[in-house]
Every structure is written in C-alpha cells, then in structure tokens.
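A.B. asks: Following this message is one structure expressed as structure tokens.
The values are calculated or read from the model by the stated rules, or taken from the named source; none is laboratory data. Owing to the predicted nature of the structure, the values given are computational and were not obtained by experimental measurement. Positions of Cβ are backbone-derived with ideal geometry, glycine not excepted, and every protein chain shown enters the neighbour counts. Note: areas computed on protein heavy atoms with side chains; ligands, DNA, RNA excluded. Shrake-Rupley method; radii C 1.70, N 1.55, O 1.52, S 1.80 Å.
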Amino acid sequence: MLVVMGLPGVGKSSILKGALEGRDVSIVNYGDVAISVAKKRKMAIDRDALISLPVKEHLDLQDAVVAQLKDTPKTILDTHAVLKRRPSGYIPGLTPSLFKKITIDALVFIDAPSDEIAKRRQADPTRIRPTMSAEELDEIRRFSLSTISIYSASTGAPFYVITNREGRSNEAIQSLKDILDSLSWK
Amino acid sequence: MLVVMGLPGVGKSSILKGALEGRDVSIVNYGDVAISVAKKRKMAIDRDALISLPVKEHLDLQDAVVAQLKDTPKTILDTHAVLKRRPSGYIPGLTPSLFKKITIDALVFIDAPSDEIAKRRQADPTRIRPTMSAEELDEIRRFSLSTISIYSASTGAPFYVITNREGRSNEAIQSLKDILDSLSWK
Amino acid sequence: MLVVMGLPGVGKSSILKGALEGRDVSIVNYGDVAISVAKKRKMAIDRDALISLPVKEHLDLQDAVVAQLKDTPKTILDTHAVLKRRPSGYIPGLTPSLFKKITIDALVFIDAPSDEIAKRRQADPTRIRPTMSAEELDEIRRFSLSTISIYSASTGAPFYVITNREGRSNEAIQSLKDILDSLSWK
C-alpha cells in the first residue's frame, strides 16, 4: 500500500488524479472509512466529532478501521500525517496497528509553501475550510514531516516529499508517477 | 494520565497552578519519583547524576520509576520531553515501558519563544539554572517538539502545544483548562 | 555500540580518526556490511541499487545485516540517519530489528552548516559525490535530526549533536572524545 498524505488545500486530489490516469490503481480514503465505521457504531457522525474522541475510543475506532482495510497491492491510502484538533491539538493520522497489518510500500507527503496553501484554501469554492494563517500551516507542516519520518523509521518504508508549487503541478504529478513506476504499478 | 512537558523557565508551574485551581486533579513529578527511586537503589543522588547514567542503568531505573506510577485517572505527569545532557547530549524524557503501562490521555507541551525563556531563566531568583543562549534553547525546543510527536504517534494520544507568551499567561492557563474540560477532569 | 551518523561531506571520517587515535575501539561500517550481504545474496551490487530496493527486500536485507552485527562493546557503527533516494525520497538508515539485537550506548550526529557541507562535497577530490544545494542539504539534515530523536525515544539511548565547524574540527574531535570518555572507552 502507498500512503499519500497532505494538508487540505495542498492540491492532493488533482495530483492523485493526474498521476493515476490510465493506471489500474485504486484509492481508499482513510477518513471515509473511519466515518462509515463510526456511524455504524453510532460513535461520531462527522469529522470534527471523530477527531475529538477520547483516546481509548479513538484507538478502538482506529483498530476497527484497520480491520476494514485489506493488504491489497496497487492501492493508495489517502490520508493525513496529523490531524488538527481545534484550537491547539494534533492527533496522528495513522495508528501503530495499521503497520502490523498492512505492508507500507512507501509514504508520500504532498507539500507546498504555507502561503500558497493558505491562498488555495480560500480560493476553493467547492469546500468550506477554516481560514488558517501561514504560521499555523507552518506548524502543521512541520509536525506532518516529523510524523512521517516516524512512520518511516518504524516501518522501514521509504518516504517522499513532493512539492506542489503554484503553476507547476505537472512536476508534482510527474514525481508521483515516478514513484508509481518504481513500484511497477501500471 | 495527562503528560505536561516544558523547558525549565517556560512557566510550567504557574500555568499548572492556574489551570488546576478548584479542580480535583493530582500532579506527579516524574523527576521527583526518579530521584527517590535512585536514592533507594543508591544509584544517583541528584538530577545531574541521574541523566548521566549509562544506558542500561538508565533503562533499569526508568522501568523502576514506571513500576511506581499508577494508571490513575485525573492525574498529571509533570516531566520533560527531552533532558539536556551537558554539553551536547539529550535523553528522552519518557520511556517505551511507560506507554505499555499507562494510558496517556493527551500530551501537552508548554512552549514560549526562546528569548523569553532565556530571560525568565535569568530572572527567577528562587532557582539556580544554567545560562542558555536562545540558540541553545531553540535546539532543545525543536527536539522536544519532534520527540512529542513520537510519543503521540506511538501511543495514538493527541498532543497540544500551548504557547505561554510574556504577559499573556492567562491565555495559556485557559488553553490548559480547555484541555482538562475536554477530558471532563473537574 | 555507539552509532555515529552524519551526511557525506560533513567530515565524519576525520573526526572519527582524530577521536579514536590511541584508543582500542573498532569501527563497523553499516553500508559496507550491507553491500557484502547483498552481493552474497546477488541482490544488489552498489549503494544506489541497495537504497532502491522494494520495501520487503529492503527489510529482509536489513535483517540479514543485523544478523551479521555482534553486540560487542567498544564498537562504533558508522552509518547514516536517513539515506537519500533520488530525486525526492528517503529511507531510514537503521531498522527496528537492530534495536532488538544491539544495545545502543549512544547516538551521535556529526553536523555542520549546510553551506559548509556543500563546499566540502565539491572540494573533496578523492570521492565523487552528487552536487547538492544548501536547501537540499537543509532538508536532509532536518530529517536526520528528527529520525535520530526517533531512534533515541525508541531505545532510550542518549543522542548527541556535534557541530563540525570550518577550521574548528579539533572542537568536534574533542566532543567525540568526551563522549567516548563518558563511556569509559579507552
């Protein structure tokens, strides 16, 4: 499994779309699975409630999500390195139980300068996203990067940082294609 | 258990005092327990000796400290993310064995700009603390933050960064109160 | 075992040489062991091939390398915190299986400002090293430092950062000597 992470507003969806075009690779959205599992258990009905769960319920839920995932080849797990808990908290996006069940082929973080992410979050008319300052985004990016190196060191999987610069998304798409090629995912 | 960390001079004690006022929450000081265990074992008599132990003795001692701790609700563990070993070394403040025994409800790092910490360390007449440059404090803060994200990723516990700005400690106290409220610790 | 890490071009070899002069301490080069194991298994013939292995083969190889290492006292493991996979990837230099077999007495990272490393990489006529910008080196150093704090937090071993400044390598050598002295490695 290839884990692709990135902040909301970084342009992850369009890079995934561009890189997967013409390839037989499927995407699993971690958050969607988590919400569906939580609803079945009547635990939480939206993302905000999900990331505010007490730690024991959070870990139970994560285990249930991991139980849903299959260790299938040519699959991308679309998720976050860390999730922001308002106003000042973070929870890790992945859970140690995941690494025991699933083989992580590589970890990819789609990154961009904080001021560009801030602008894109405001400009996207299809989604409502809370305003974040470049300083706040800097902090999330920093924690995301250190968390990804933790996932890498504890699994042995390589990690990649792809920068999606304004007006140069083709380069970011190409970088992801190169990673898929290196895994022979066609 | 709620783990509250912060550099000496950041103002951790007064924030804890302010946030816990009127609440039935107890505090365990990790360093005090470690020194008491070390003295009983005739291993080390002060903090400087404690953080200079060879790694095997260090881990043995940590295990003995963890054995002393109880997995009680409404308890704050007052400790450090990393400890500075003079002149250039660090040891992690917490040990993997802790995470197996104790449920960590959340991790909190009380932070402040390095120049403000440097000033407060000099101004406090009640404690003798070695002078540290803002550059040196920057490095400790950076390692503390990456170490806290490790504790979080390996336990699944959320982590919070509270900034204690000069003259605005009330905001930091309120942030800690919000976290205690979210845990329903009254 | 003392693990000494540092980017190619940081001056690791000469600092090791200076600090070990007159001491009965041996050095094991992790990369050399890995290449020798890989050649025997007909897996990879050079370093570039080694760090491009798929994750399962990579982990199998790492386990085989760890099986070769002996938990001997007074031994330095010369290795990297993270390895750069061209163009945008990293793999961790050490593997979780190492920490189960070998007692890590301490972790040392030899560091230097990125612009000085960039210059030294160009100036060394005895080795061919790819040109790297200071920005690129900044990123590798940052990931190295966060990865070292992971190795430290998961083993409990102290970690040291030694800065090898231009024209002041004697200070860096002295710092490493101090660490060896603290371990009583004579």
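A.B. asks: Looking at the structure I just gave you, is C:Thr72 over 15 Å from C:Val10 (Cα atoms), away from chain A (no Cβ under 13 Å) and among the polar types (S, T, N, Q)?
C.D. replies: yes
A.B. asks: Can you work out which of the residues in the range C:86-115 that are surrounded by fewer than 19 Cβ atoms within 10 Å (Cβ to Cβ) and farther than 30 Å from C:Pro54 by Cβ is farthest from the other protein chains (Cβ to nearest Cβ)?
C.D. replies: Filtering first and then ranking leaves C:Asp115.
A.B. asks: Next question, about the same structure. Contact list please: Cβ distance under 7 Å, first residue in the range B:169-186 and basic (Lys, Arg), second residue part of a loop (DSSP other than H, G, I, E, B) and open to solvent by less than 70 Å² (accessible area, probe 1.4 Å), pairs at least six apart or on different chains.
C.D. replies: B:Lys186/B:Arg23
A.B. asks: Now for a separate question. Here are the criteria: (1) within 11 Å of chain A (Cβ to nearest Cβ); (2) within 18 Å of the chain's Cα centre (by Cα). Tell me which single one C:Arg141 does not satisfy.
C.D. replies: Every condition holds for C:Arg141 apart from (1).
A.B. asks: Given the structure, is A:Ala81 open to solvent by less than 10 Å² (accessible area, probe 1.4 Å) and away from every other protein chain (no Cβ under 14 Å)?
C.D. replies: Spelling it out, it is not the case that A:Ala81 is open to solvent by less than 10 Å² (accessible area, probe 1.4 Å) and away from every other protein chain (no Cβ under 14 Å).
Residue-wise test of (1) touching a residue at least 24 places away in the same chain (Cβ under 8 Å); (2) touching a Ser or Thr at 6+ places or on another chain (Cβ under 8 Å).
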{"residue": "A:Val82", "(1), (2)": "yes, yes"}
{"residue": "A:Gly93", "(1), (2)": "yes, yes"}
{"residue": "A:Pro96", "(1), (2)": "yes, yes"}
{"residue": "A:Lys101", "(1), (2)": "yes, no"}
{"residue": "A:Leu107", "(1), (2)": "yes, yes"}
{"residue": "A:Ile117", "(1), (2)": "yes, no"}
{"residue": "A:Met132", "(1), (2)": "no, no"}
{"residue": "A:Arg141", "(1), (2)": "yes, yes"}
{"residue": "A:Ser144", "(1), (2)": "yes, no"}
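A.B. asks: Further, regarding this structure: Working only within the range A:37-47, note down all residues that are without any contact (Cβ under 8 Å) to a residue 24 or more places away in the chain and either assigned to a helix (DSSP H, G or I) or under 27 Å from A:Ile104 (Cα atoms) (or both).
C.D. replies: A:Ala38, A:Lys39, A:Lys40, A:Arg47, listed by residue number.
A.B. asks: Now for a different question. Being facing another protein chain (nearest Cβ under 7 Å) and open to solvent by less than 10 Å² (accessible area, probe 1.4 Å) is the filter; apply it to the range B:154-186 and report the residue that is farthest from the chain's Cα centre (by Cα).
C.D. replies: B:Gly156
A.B. asks: Which ones in the range A:126-142 are open to solvent by 40 Å² or more (accessible area, probe 1.4 Å) and within 23 Å of A:Ile173 (Cβ to Cβ)?
C.D. replies: Those that are open to solvent by 40 Å² or more (accessible area, probe 1.4 Å) and within 23 Å of A:Ile173 (Cβ to Cβ): A:Thr126, A:Arg127, A:Arg129, A:Arg141.
A.B. asks: Can I ask one more? Report the residue count in the range C:15-57 for those that are open to solvent by 70 Å² or more (accessible area, probe 1.4 Å) and of a type in the set (Gly, Ala, Ser).
C.D. replies: Looking only at that region, the number is 2.
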